[in-house]
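See structure below.
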Amino acid sequence: MKVVHTEGHRRHDPKVETYLGLPLPANEVPARADAIRDALVADGGFELVDPQGHGAGPILSVHDPGLVRFLEEAWPAVQEQAIDREFLVADTYPTRGMFQGMSDEFVASRPETRAVGGRAGWWGLDSSNPIVAGTYVAARWAVDVALTTVDLVLGGETAAYGLCRPPGHHAAAAMAGGYCFFNNAAVAAQAIVDATGERVAILDVDVHHGNGTQQIFWRREDVLYASLHADPLRLYPFFLGYADEVGEGPGRGANLNFPQPLRADDATYLADLDRALERIAAEPGSIVVVSLGFDTFHLDPIGDLALTTEGYHEMGRRVAALGRRLVIVQEGGYHVPALGGNARAWLRGAEGRHFGGA
Ligand code: Q9C
Ligand code: ZN
């Protein structure tokens, strides 16, 4: 299988994230992608491919131009305002209670503000998502990785894997968050719709609900979003990801959430995977985008499910058994020592190769 990869991800290299206001070592670090790349190279069955630049156009087809502008300007603005620090986290979020009783129209007329600590809140979901000097460049590379993966599949590959970093599925049209800046999977899905005119399904198997992907396609019937994730009553993003979120308008019925119980094991998880795959199979279309996370792993430091490496092999096998072409993009997964083995197992399963051996 071809693996789209670039060293460009390294430009997003936060040392610290804040959690409940306290600094902790960052989870979403370059070593994650290194571990996956090294394991796939060592396997011998994968071929690394460089991404091609696709420009900002495909990003703007799913994202608000204001988000792109903010991410491009954020670091220069930090420097201009002579804020002496290595990373930016919002100071103030325009959260719902601030505007209680005010009309939608009036609220929409409030300005973005010029202060970078306010702008980061305006365009951001949470306080665990540091922006550093190279974040914008790396996030642009991640989109190019996803789009090059699409090109490979449109060019005839049965499946291809984009080693995206930073990840994307928490990023909504007008919002970054959860270690995500641009929604790589959503940009990829839109590019497939634009190129083929077909319906596209996005299967999200990261441990977190992909609130950004759900938001972007909420009213769309041409892009089906199906996600398995830890119940948001326990885990980020807390406020979306419940089973009653089915989409609205033309998109009603094209959004499917499967919240998982605490410590869900392979068997529990794979039973819901089958339900999601059944729904995808009922929809026309020849390509599925997979938002692939390994933070469902039993040892993951921020997830609370209990999947195993064998479980990933079986998951890859079942997803490929749909018989559709796969654009696989990397999302989360933070237990770095197991990331390589887990990616190898999933992708080998998707190719119909055995769990181990050649
Ligand atoms: N102490 C993805 O997996 N909150 N994003 C983390 C950790 C945000 C994870 C708090 C988690 C986002 C792509
Ligand atoms: Zn995640």
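Using Cα pairs closer than 8 Å and at least 6 residues apart in sequence, work out the relative contact order for the chain, in percent.
18 percent
Which of the peptides 253-262, 156-165 is most tightly packed, and how do the rest follow, judged by the mean count of other Cβ atoms within 10 Å per residue?
Per-residue Cβ counts within 10 Å, averaged per peptide and sorted highest first, yield 156-165, 253-262.
Under a crude label model (7 Å from the Cα following the beta-carbon direction), how far is Ala358 from Arg219 in nanometres?
Here the answer is 5.6 nm between the modelled labels.
Could you grab the relative contact order for the stretch 112-174? Cα pairs under 8 Å, six or more apart, rounded to a whole percent.
28 percent
Can you give the percent of C-alpha pairs in the stretch 175-231 whose distance is more than 12 Å?
Pairs farther apart than 12 Å: 66 percent.
Highest mean first, what order results for 171-181, 321-331 on Cβ atoms within 10 Å?
Ranking the peptides 171-181, 321-331 by packing returns 171-181, 321-331.
Please compute the modelled spin-label separation between Tyr93 and Glu248, points set 7 Å along Cα→Cβ, answer in nm with one decimal.
Label at Glu248, label at Tyr93, 2.0 nm between them.
Of the accessible area of the chain, with the probe set at 1.4 angstrom, what percent is carbon plus sulfur?
The computed percentage sits at 54.
Place the peptides 106-114, 8-16, 343-351 in order of packing, highest mean first, counting for every residue the other Cβ atoms within 10 Å and averaging per peptide.
Final packing ranking: 343-351, 8-16, 106-114.
Can you classify the stretch 207-358 as rounded, prolate or oblate using the Cα gyration tensor, where a ≥ b ≥ c are the square roots of its eigenvalues, rounded means a/c under 1.5, and otherwise it's prolate if a/b beats b/c and oblate if not?
Oblate.
Find how much the distance from Glu351 to Leu24 grows on full extension, using 0.36 nm per residue of separation minus their present alpha carbon separation; answer in nm with one decimal.
113.9 nm is the gain from fully extending Glu351 to Leu24.
Mind jotting down the distance between the C-alpha centroids of the stretch 102-165 and the stretch 209-272, whole Å?
Going from one Cα centre to the other spans 20 Å.
Please pull out the direction-averaged projected area of the chain, using the convex hull of its alpha-carbon atoms, in nm² to one decimal place.
Its Cα hull, projected and averaged over all orientations, spans 16.8 nm².
Stretch Ala173-Gln100 to full length: gain in nm at 0.36 nm per residue minus the Cα-Cα span?
24.0 nm
So what is the calculated 222 nm ellipticity per residue for the chain, using -39500 (n - 2.57) for each DSSP H run with n of 4 or more, over all residues, to the nearest 500 deg cm²/dmol?
Per the formula, -11000 deg cm²/dmol.
Could you work out the mean projected area of the convex hull around the alpha carbons of the stretch 60-212, in square nanometres to one decimal?
Hull-based average projected area comes out at 10.4 nm².
Between Arg275 and Val137, what FRET efficiency follows from the Cβ-Cβ distance if R0 is 56 Å, with the result rounded to 0.05?
The formula returns an efficiency of 0.90 here.
Accessible area per residue for the chain in Å², computed with a 1.4 Å probe and the full protein assembly in place, what is it?
40 Å²
Per 0.36 nm of contour for each residue apart, how much would the distance between Glu80 and Leu48 grow if the chain were fully extended, relative to their Cα-Cα spacing?
7.6 nm
Against the empirical 2.2 N^0.38 Å scaling, what ratio does the C-alpha Rg of the stretch 126-261 come to?
1.03
The values are calculated or read from the model by the stated rules, or taken from the named source; none is laboratory data. From a predicted model like this one, the values you see are computed outputs, not experimental measurements. Cβ atoms come from the backbone with ideal geometry, glycine included; neighbour counts cover every protein chain shown. Each accessible area value is taken on the protein alone, full model and side chains, heavy atoms only, with ligands, DNA and RNA left out. Shrake-Rupley method; radii C 1.70, N 1.55, O 1.52, S 1.80 Å.
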